[in-house]
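Taking it in order: structure first as C-alpha cells, then the write-up.
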Amino acid sequence: MDFLELLRKKRDGGTLTKEELGFFANAAANGSVPDYQLSAMLMAMYLNGLDARETADLTLAMAHSGDLADLSGIEGIKGDKHSTGGVGDKTTLIVAPVAAACGVKMAKMSGRGLGHTGGTIDKLEAIPGFQTALSRDRFMQIVNETGLCVVGAAGGLCPADKALYALRDVTETVSSIPLIASSIMSKKLAGGADCIVLDVKCGSGAFMKTEEDARRLAKAMVDIGTRAGRRVAAVLTDMDLPLGTAVGNAVEVQEAVEVLRGKGPDDLRQVSLVLASTLLQLAGKGSREACEAMAEDALKSGRALQAFERMVEAQGGDVAFIRDPSRFPKAKCSAVLPAPQSGYLTAMDAEAIGRVCVLLGAGRHTKEDAIDPAAGLLIHKKTGDRVKQGEPLCTLLCEDEAKLPAAKEAYLRALRFGDTPPKPTPLILDVIE
Ligand code: URA
C-alpha cells in the first residue's frame, strides 16, 4: 500500500477503509513508515476526524498490532481503570489498591505523560527502584500474589499505540475524540480485563473542554468496549482545576499515599472512591451503596495502603519511601509564588498549570526528553478560596533556577481573581454505563 496515497485521502477529508487503517496501525507498530509521515496522518485525522466505523476499525487494528494479553492465568475477576488525562490526576494510585483490597485483580497497563497531562508510569517511576517494564510471566505472578500490578504498555501489547502516543504527545494532536477513544480502548481491549472503569475528564485541564464533548468521548469508549464483550462504565469528572494539591511526579505519589492513609485532599478522595466503587459494581461485588461502603472501608482500614505497599515491593520499589514519604528526593530549587492581589480565586486554567509543570521539568517537550521526578507544583490556593495579597498561591519545584521566572509568570496568567466567590461546580458529573 502506498502510504502517501492514504495521506492524501485523509488530508482531503476522505474515509479510510479497514485495510488502510490496519496498514497505518501496523506501520506505526513496526516502524515501516517514518515518524514524519505518521505524524502527518495523525494531524490529518485530528483535523478531519474519523467516523464511528473508522474509529472502531482503528481501535481493533491497534489492539491487534501486537500481542493480546491472556489473563486466564489470573484467578478471579480482572479489573482495569483508565483516565482520559488530567492535571494532578493520581487516582490510579488509589483506585487500583482499593479495588485490589476488595478482591478485584488489577492487571493494569498505564501510560506516560501526554501533552500537559501527567502519566501513572512517570509517577510510579519516581519511587526509587520501581520497575514498570516486566515480563508477562512476572506481571501475572505479581497480580496473583499481591492482587495488583501496574506496568507500561511494553512487552508487545499495543505497539501501535505506543508509537502513536509518543508522536501525538509532541505534535499537538492529542485532543481528538477518535484518537483518544482508539488509543485508550485499544490498550484496554488488548489488556484483557473483564471490567473497565473509564474516568472521562471534562474542563480546562482535560482534552475535552466541554461536557458535551466529554459525553461523546465517554459514549464512544463505552460502546467500543461493550461491543467487544467487556463490562465498561465511564465516570464523567470535573477537570476545570487540578485534582488535589500536588502536580508533578514524586509529589503526586506522596499525595496519593496521604489519601491511602485516610488523609489528603477531599476532591481526590471523592473521585477515587467513585471510580473504585463503579469498578466494584461492574465486577459484581454488590449494589452501588454496598460497593461505596466497601471502597471506603478499604481506605479506612488501611487495607488499600497495604495492597499498594505490596505492589511497590513486588515491582522492585523501595517501600521505605511509601512508609515515610519525606524521604523522596527534594527538588534543588523551590520558590513560593505570592498572591499579587486580594480577593477570591475565581478560576484556574488547569491546562496552563499542567504546561507550567512541563516547563519545570515534570513533563516532556520532545519524545527523547527525560523528566525530573522531583519537579512540579504544590498548590496552596484553589478556585473558590479567598486570598490576601502576598499569601502563598503555590510552591514551584525544579532543578534549574533559570526556569522559575517564566514558570511564575505562566502560573499567574492561569489564574483569575474577583470580588465574589465563583459558583461551585460538581466534581462528579455523571456515570455512563
Ligand atoms: N490516555 C491515553 O491512553 N490515550 C490518549 O489518547 C489520551 C489519554
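The values are calculated or read from the model by the stated rules, or taken from the named source; none is laboratory data. What you see is a predicted model; the values in this text were computed from it and never measured. Note that each Cβ is placed from the backbone with ideal geometry, even for glycine, and that neighbours are counted across all protein chains shown.
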Exercise for review: Tell me, please, whether a residue that is within 23 Å of L305 (Cβ to Cβ), within 16 Å of the ligand (Cβ to nearest atom) and in contact with a strand residue (DSSP E or B) (Cβ under 9 Å, 6 or more places away or on another chain) can be found in the range 205-224.
Suggested key: no
Point to revise | Any chance S32 is without any contact (Cβ under 8 Å) to a residue 24 or more places away in the chain and either farther than 25 Å from A214 by Cα or assigned by TED's automatic domain parsing to the domain that holds L217 (or both) | key: yes
Review point. Is it true that some residue in the range 69-88 is more than 17 Å from A250 (Cβ to Cβ), free of Cβ contacts under 8 Å to residues at least 24 places away in the same chain and surrounded by fewer than 24 Cβ atoms within 10 Å (Cβ to Cβ)?
Key: yes
Review point. Within 15 Å of the ligand (Cβ to nearest atom) and either more than 15 Å from L167 (Cβ to Cβ) or touching a Lys or Arg at 6+ places or on another chain (Cβ under 7 Å) (or both): does that describe V87?
Key: yes
**Study point:** Of residues in the range 176-186 being more than 13 Å from the chain's Cα centre (by Cα) and part of a helix (DSSP H, G or I), the one nearest to the ligand (Cβ to nearest atom)
**Key:** L179
Exercise for review: Six or more apart or on different chains, Cβ under 6 Å: which pairs go from a residue in the range 199-214 that's on the phi < 0 side of the Ramachandran plot to one that's part of a loop (DSSP other than H, G, I, E, B) and surrounded by fewer than 23 Cβ atoms within 10 Å (Cβ to Cβ)? Could you list them?
Suggested key: S204/D240; S204/D349; F207/V174; F207/S175
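For (1) over 8 Å from the mean Cα position of the chain (by Cα); (2) of a type in the set (K, R), each residue gets a yes or a no:
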position	(1), (2)
G79	yes, no
H82	no, no
G113	no, no
G118	no, no
K123	yes, yes
P128	yes, no
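Conditions (1) in the same structural domain as Q131 (by TED's automatic domain parsing); (2) touching a Phe, Trp or Tyr at 6+ places or on another chain (Cβ under 9 Å), marked per residue:
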residue	(1), (2)
S272	yes, no
A276	yes, no
P338	no, no
Y344	no, yes
H380	no, no
R386	no, yes
Study note, to complete from the structure: Going through (1) of a type in the set (F, W, Y); (2) within 15 Å of the ligand (Cβ to nearest atom); (3) under 29 Å from F308 (Cβ atoms) one by one, Y46 fails only at (3)
Practice item. Scan the range 19-58 for residues that are among the charged types (D, E, K, R), more than 18 Å from A220 (Cα to Cα) and touching a helix residue (DSSP H, G or I) at 6+ places or on another chain (Cβ under 7 Å) and jot them down. Key: E20, D35
Review point. Counting only residues that are more than 8 Å from the ligand (Cβ to nearest atom) and crowded, with 23+ Cβ neighbours inside 10 Å, which one in the range 163-175 is nearest to the chain's Cα centre (by Cα)?
Key: D169
Practice item. Answer yes if at least one residue in the range 110-130 is within 12 Å of the ligand (Cβ to nearest atom), assigned by TED's automatic domain parsing to the domain that holds D199 and touching a Leu at 6+ places or on another chain (Cβ under 6 Å), and no otherwise. Key: no
Exercise for review: Identify the single condition in (1) small (G, A, S); (2) away from the ligand (no atom under 14 Å from the Cβ); (3) touching a residue at least 24 places away in the same chain (Cβ under 8 Å); (4) surrounded by fewer than 20 Cβ atoms within 10 Å (Cβ to Cβ) that G147 does not satisfy, given that it satisfies every other one.
Suggested key: (4)
Exercise for review: For A181, work out the one condition from (1) within 21 Å of I353 (Cα to Cα); (2) crowded, with 21+ Cβ neighbours inside 10 Å it doesn't fulfil.
Suggested key: (1)
Exercise for review: Output yes when any residue across the range 134-144 is small (G, A, S), more than 13 Å from the ligand (Cβ to nearest atom) and outside the structural domain of R355 (by TED's automatic domain parsing), and no when none is.
Suggested key: yes
**Study point:** Entirely in the range 190-265, the strands (runs of 3 or more DSSP E) that have 2 or more residues that are hydrophobic (A, V, I, L, M, F, W, C) and closer than 18 Å to T278 by Cβ
**Key:** 195-202, 231-238
**Study point:** Breaking point among (1) part of a loop (DSSP other than H, G, I, E, B); (2) modelled with pLDDT under 95; (3) buried (at least 21 other Cβ atoms within 10 Å of the Cβ), for M1
**Key:** (3)
Point to revise | Flag if A220 is under 20 Å from M45 (Cβ atoms), modelled with pLDDT under 95, surrounded by fewer than 24 Cβ atoms within 10 Å (Cβ to Cβ) and of a type in the set (A, V, I, L, M) | key: yes
Check your understanding: Mind checking whether some residue in the range 291-314 is outside the structural domain of A100 (by TED's automatic domain parsing), touching a Leu at 6+ places or on another chain (Cβ under 7 Å), under 26 Å from V235 (Cα atoms) and not small (G, A, S)?
Key -> no
Review point. If A335 passes every condition in (1) more than 25 Å from T146 (Cβ to Cβ); (2) within 23 Å of the chain's Cα centre (by Cα) but one, which one does it miss?
Key: (2)
